[in-house]
1. How about the stretch 201-230: which of its residues are touching a residue at least 40 places away in the same chain (Cβ under 8 Å) and charged (D, E, K, R)?
2. I'd like the residue in the stretch 278-304 that is at positive phi and touching a Phe, Trp or Tyr at 6+ places or on another chain (Cβ under 6 Å) and, out of all such residues, is surrounded by the most Cβ atoms within 10 Å (Cβ to Cβ).
3. Go through the residues of the stretch 250-270 one by one and say whether even a single one is of a type in the set (Ser, Thr, Tyr), open to solvent by 40 Å² or more (accessible area, probe 1.4 Å) and free of Cβ contacts under 8 Å to residues at least 40 places away in the same chain.
4. Kindly evaluate Ile274 against the criterion of being open to solvent by 30 Å² or more (accessible area, probe 1.4 Å) and either small (Gly, Ala, Ser) or in a strand (DSSP E or B) (or both).
5. I'd like the full set of residues that are hydroxyl-bearing (Ser, Thr, Tyr) and in contact with a Gly (Cβ under 7 Å, 6 or more places away or on another chain), limited to the stretch 44-61.
6. Among Asp321, Asp311, which is open to solvent by less than 50 Å² (accessible area, probe 1.4 Å), assigned to a strand (DSSP E or B) and charged (D, E, K, R)?
7. Go through Thr129, Thr105, Thr122, Thr81 for me and flag whichever is among the β-branched types (Val, Ile, Thr) and under 15 Å from the mean Cα position of the chain (by Cα).
8. Are any residues in the stretch 105-127 part of a strand (DSSP E or B), open to solvent by 80 Å² or more (accessible area, probe 1.4 Å) and either under 30 Å from Val173 (Cβ atoms) or among the acidic types (Asp, Glu) (or both), and if so, which ones?
Amino acid sequence: MKSKNLTFVLIISIAIMIIFVQPAFAQNKSGTTIGQFLKIEPSSRIVGIGNAGASLYGEVSSIFYNPASLGRLEMNDVQFTYNKWIADITFNYMAAGIKIEGVGTFALVGTMLNSGEMYVRTVEQPLGTGERFSVKNFALGLGYGLMLTDKVSVGMQINYITEMIWHSSLSTVGLNFGVQYQLMDKGLTLGASVSNFGARASYDGRDLWLNYDLDPRKYGDNDQLPAEFRTDAYPLPTIFRAGLSYKYNLNSDYSILIAADAIHQNDNSQSISIGTEISLLEYFTIRTGYRNLFLSNLEGGLVLGGGIKKDLSGTYNIRFDYAYADYGRLKEAHRVTVSLGF
């Protein structure tokens, strides 16, 4: 009877997510969403497992793939990720999870992307005007997760999102939510989540201001009327993930984890991500996987990584994780994550 109740809870939770997210997937419009930095995966560990994170847990940055993973966090956890992103863009991610017994787990998440300075170029001055501009994106999120039963966890995260391009910007709010169901203790786990479900937003700022001449053929009128370009509002890059993972313990010192996700996006085609993690002596891990299989016009896809874990005084642990991701003609990206559990 208990197993039937757990299955019923899982089915209802996934059905609710599908009902909420279906309008966002009514059309597939590649390249027509804002907040593209929200799709950059922060966890060096899960990136190394092919970005197949819908059913994974054990670190606070798993919230990026599924907020329900917060409910399974065994201790407080703080993580910092530095990502040497493509085109010399820097991407930094911070997440802190605090577990409160009997209440659940709360998380604070910060995401920052900076393009660095670039030259302003125009049609009249293709070599540059002498000015410089930059693109800066920022998201601040609050998350909460809990165990509904000993096998089912749920979670959600609300994000404030802002993008800035020179003197123009936009702001909006997005919601992530998900569910995980562990069929067997430290064995098969199912997960489903929705990321970046939120309101449309459009750019505004003084870069859109101009002086307008209502009738250039007419002399003597005011040819310096203050005006402003009106930009369209676009949605966030909403992502639906459904995945499973299985951990098999070879013995007390060695284990292997296999994970796979099916991914549906409102601004791209469907894809599958797969990966594996091998743990050695509970201190070392090696990882490999392939992200976004079957995605149209995919650049690269191979990911590799590894990690080191060191326990301190029995109640603390410090972890270093690294991931390499191949992006084809865009070259590669390198991520380094430093974590502290306590």
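1. Asp207
2. Among those that are at positive phi and touching a Phe, Trp or Tyr at 6+ places or on another chain (Cβ under 6 Å), it is Gly301.
3. The initial filter retains those residues of the stretch 250-270 that are of a type in the set (Ser, Thr, Tyr), namely 252, 254-255, 269.
So of that shortlist, the ones also open to solvent by 40 Å² or more (accessible area, probe 1.4 Å) come out as 252, 254.
Those left that are additionally free of Cβ contacts under 8 Å to residues at least 40 places away in the same chain: 252, 254.
Yes: one or more hits.
4. So Ile274 fits the description; yes.
5. Narrowing the stretch 44-61 to residues hydroxyl-bearing (Ser, Thr, Tyr): 44, 55, 57, 61.
Matches in the stretch 44-61: Ser44, Ser55.
6. Details: Asp311 fails: open to solvent by less than 50 Å² (accessible area, probe 1.4 Å).
Answer to the selection: Asp321.
7. Details: Thr129 fails: under 15 Å from the mean Cα position of the chain (by Cα); Thr105 fails: under 15 Å from the mean Cα position of the chain (by Cα); Thr122 fails: under 15 Å from the mean Cα position of the chain (by Cα).
From the options Thr129, Thr105, Thr122, Thr81, the qualifying one is Thr81.
8. Just the residues of the stretch 105-127 that are part of a strand (DSSP E or B), to begin with: 105-114, 118-119.
Okay, now just the ones that are also open to solvent by 80 Å² or more (accessible area, probe 1.4 Å), so 106, 112, 119.
Matches in the stretch 105-127: Phe106, Met112.
The values are calculated or read from the model by the stated rules, or taken from the named source; none is laboratory data. Every value quoted in this text rests on a predicted model; they were computed, and no experiment measured them. In this analysis, Cβ positions are derived from the backbone assuming ideal geometry, glycine residues included, and neighbour counts consider all displayed protein chains. Accessible surface areas use protein heavy atoms only, side chains included; no ligands, DNA or RNA. Shrake-Rupley method; radii C 1.70, N 1.55, O 1.52, S 1.80 Å.
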